[in-house]
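Read the structure below first, then the notes.
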Amino acid sequence: MTKFGSSSYKSPLGKIGSDYVELESIASRANSIDEAAPSNPQYTGKINPLDEQLRLWRAIRRFPKVAAYCLVMNIAIVGLGYTLVINGAILGLEEFMKDFGTEYKGKWIIPQPYTSLWTAFVPIGGVIGALLGGWLQGRLGRKFTFLTGSLLYAVGATVVFSSSLPEARDMKRIILTAGVAAQGLAVALLQTVTNTYLSEVTPTSLRGPAMAMIPSFTLLGQLLGSVVVFLVGDIKGNRAYQIPFGSQWIFAAITFLLSLIIPESPIHHLRKGKHDKAMRAARRLYSPKVPEHTALKVFHVILAEEEALGKATYIACFRGINRRRTLIVLLASAIPAMFGLDLLSTTPYFLQTIGIEEPTNMLFLIGGIIAGMLANAAGIFVLSRRGMRIMTLVTMSLAAIFWAVMGISGFWGGEIPAYVAAGVLMAVIIVCGLGAWPASYGYIGQTSSMQVRALTQGLVGVLSQGLSAIMNAILPILYNPDSGNMGGKLGFVYTGLCLIAVILAWLFLPELKGRSTVEIDRMFEMRLSTRNFAKFKLDMYEPRRGEVA
């Protein structure tokens, strides 16, 4: 292990000013954690405030500015949810189908190839955005990458809005396809930065709840989008879909302003050797209740750890201990696709294909989103008490049962299967909102090492957006009236996916509730089995693998 004061890590503490004098002893303290006996007089055993275990409300009072920045950063996630619903629910609008669709058996529909194309191109663009975001953050920082995402989002919204201008239907479709791809790239860029930022600046007691809030804000965006689509349902002409498309400029403007306001992540400044800027960023985040020099001690310990691991690259994410950590993060990022989030995002159009027309289909979407938001809010507290692993296993198992009920109902006749399907969609979002969905973001934010966290978030975006692209391409083939026409039997597909997720979660997802970054690093270094994470007690004086006590 690399130690402070060694030739491979030059302590910057003398460069930061008189307020930082206390940190001159951090080298010996950090090293004593690994190799000193309990009698070592230099090590007091005092926990850094950023690693202290606090109840949620106490943590918010201790770190009010961090909590506030977490809230405003999630506006980008609101924009993500809004974009997903606008681009999905708009397909069910009659005026949109008249301009972009075709007539089939006396009814307007969107042909299956275009349904797949438009729902899949947001995540396809997202794959590029996630890779770009992971790379760009390391070079130019979180603020600049967030700014880039906001500008690209504005470009995408402009292109989508302009898609109605040409007379030729094929040209409309081409422009719309380009626009949704640009939007997918932009929202993935924004989400990648948000995930990285929240996981880096939050103290241990806020990190899990901050990441678990992401589904709630995704649902809030979906609620706003579904309300907008519902309100324009009676408008005639292209204004019925131009208004929802144009409304996305609001989120572009808000995220642009946020990119100018938020402080840069202190650890990014430290990596670049900008110690004065790191102090200023920490002051904006943690003071006055926690002095900035005290807060930065944690980041200096983490930087010393990074020195032993070498340069951060995408390949480094799959080397040594990082391999297991990266694979856990990727498994967690796949959970939303496996419990059916992509189908839930296109609820109005899916319900319309099985017999529930406007405006009832939109009411089911709105009701499900509101219920899901309440479930996610409750889920943050449930996870803080019961743990991420157990809640993932329980809620994914329940989701598998619900999807099986929907699949069985698909064999019945009449209107009942359609309403059973609508009820199952609502039940799944509620149950998974209590556990699996927020827990997946908890794993995404906590599991990877700080050294490769920004890059890991890029890989998360690639996998989640890639899976979403695949599901959005396949689902219309399965349920569209002019192709598979599976109806409620589609539930069996998600029954299988949920059961696979339960097995993988049982085998590979450890319990990380309440663990600090240093604790998580140590447990992975010791190569603990998945089920031993929850009961492991970290001995501050325990030597690392290969060291002599």
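What follows is calculated from the coordinates using simple rules that are stated; it is not laboratory data. Note that the structure is a prediction, hence the values are computed from the model and not measured. Because the Cβ atoms are built from the backbone with ideal geometry, glycine has one as well, and the counts that use them run over all protein chains shown.
Here are a few things to note about the model shown:
- Stretch gain in nm, segment Ser483-Ile243, where the contour uses 0.36 nm per residue and the Cα spacing is subtracted: 83.3 nm
- The simple Förster model, with R0 at 30 Å and r as the Cβ-Cβ distance, assigns Ala371 and Phe492 a FRET efficiency of 0.80.
- Using the Cβ-Cβ distance between Arg385 and Leu71 with R0 = 35 Å, the FRET efficiency computed as 1/(1 + (r/R0)^6) comes to roughly 0.95.
- Anisotropy class of segment 319-387 from Cα gyration tensor, a/c 1.5 cut: oblate
- With 0.36 nm allotted per residue and the present C-alpha distance subtracted, the Phe318-Ser162 stretch has 51.9 nm of extension available.
- Entries in Lys311/Lys513; Lys272/Lys513; Lys98/Lys489; Lys65/Lys143; Lys297/Lys535 that, when Cα-Cα distance is taken, lie over 22 Å: Lys311/Lys513; Lys272/Lys513; Lys98/Lys489; Lys297/Lys535
- Working from label points 7 Å from Cα in the Cα-to-Cβ sense, the Trp412 to Arg527 distance is 5.4 nm.
- Anisotropy class of segment 395-498 from Cα gyration tensor, a/c 1.5 cut: oblate
- Cβ-based net charge around Gln457, under 11 Å, with every Lys or Arg adding one and every Asp or Glu removing one: +1
- Projected-area average for the chain over all orientations - Cα convex hull basis, square nanometres: 23.9
- Between Ile235 and Met171, the simple spin-label model (points 7 angstrom out along Cα→Cβ) gives 2.3 nm.
- Evaluated at q = 0.14, 0.18, 0.19, 0.24 Å⁻¹: base-10 log I(q)/I(0), Debye formula over Cα of segment 127-235: -0.71, -1.00, -1.06, -1.25
- Simple spin-label estimate for Phe144 and Lys311 in nanometres, 7 Å along Cα-Cβ: 1.8
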